[in-house]
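Here is the structure we will look at.
No value in this document is a laboratory result; all are computed from the given coordinates. What you see is a predicted model; the values in this text were computed from it and never measured. Note: ideal-geometry Cβ built from the backbone for every residue, glycine included; neighbour counts use all protein chains shown.
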């Protein structure tokens, strides 16, 4: 999300070490991004972390200081807003976007850190409004993240978000010249992304997760199906050239029957993703089941590829 603001010079190991702070726990993954078939994950895992002192100890034990690190912000710490791209020079873009989103925030826009993610128009297509995503986070949230990593002696270079981390993985499973819809289902909500040619064309959070799927019988899967259909219909109206060839479900901790339900009711193939099929994993890295689900977004963030950086 934030480029260059927190860079630190010095020799580091190749690739990125992605870190996400969860309540009482740290998730991490080190990987090297690249073209399809060339992405590697050489280590990943979780560690109990209750306070900053434990964070510093874990960072030292795991050698985080040898890497260029990025933090994945929790979803509650930022907003991702779809806006019409201002027709201004590149150097004035963020200022113009800041003005456009000022009434969409529940705090003063001057208290926000802003970044943008372009949505490319169709090559050779007719002229139409050009859209982009604006990502906004409170300045004090960004500063608190920077301060916490600095206190733990973790060399933070980038702050990233789950949507672009998920895009990094989706890029590896795109069919030739077709888009792909990737659905990640967390406990309380789901994240749907559609990417095409490595670019993010749709990112939507749906307030329905595994807890609802487990507790509501057929109602939860039906609600998720409806929201998925609405999102794909909207995408088809806005960006028909990026229409997905398939829907792919990210790893889940347990069997839910969701794939079968979606496959029976969508006009698209529905597949389940196995990270081991698309990544080169170190011999001691086993990404499946609960661990693949919990680490999904730090895995994606660790595949950050500068040619596609946010």
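Here are a few things to note about the model shown:
- Cα-based Rg of the chain normalised by 2.2 N^0.38 Å, two decimals: 0.99
- Ranked packing of 284-291, 218-225, most packed first, by mean Cβ within 10 Å: 218-225, 284-291
- Tail fraction, Cα-Cα pairs, the stretch 232-300, threshold 13 Å, whole percent: 71 percent
- Largest first and in whole Å, the equivalent-ellipsoid semi-axes of the stretch 75-136 read 23, 13, 9, each the square root of five times a Cα gyration tensor eigenvalue.
- Unit Cα scatterers, Debye sum, the stretch 176-273: log10 I(q)/I(0) for q = 0.17, 0.21 Å⁻¹: -0.69, -1.05
- Counting every other Cβ atom within 10 Å of each residue's Cβ, 239, 296 order from fewest to most as 239, 296.
- Counting only DSSP beta bridges whose two residues both lie in the stretch 176-273, roughly 65 percent are antiparallel.
- The tail of the calculated P(r) for the stretch 12-163 beyond 22 Å holds 52 percent of all Cα-Cα pairs.
- Whole-Å distance, taken between Cα centres, linking the stretch 56-118 and the stretch 134-158: 11 Å
- Rg over Rh, two decimals, the stretch 167-209 (C-alpha only, Kirkwood Rh): 1.02
- Helical mean residue ellipticity (222 nm; -39500 (n - 2.57) per DSSP H run of 4+; nearest 500) of the chain: -8500 deg cm²/dmol
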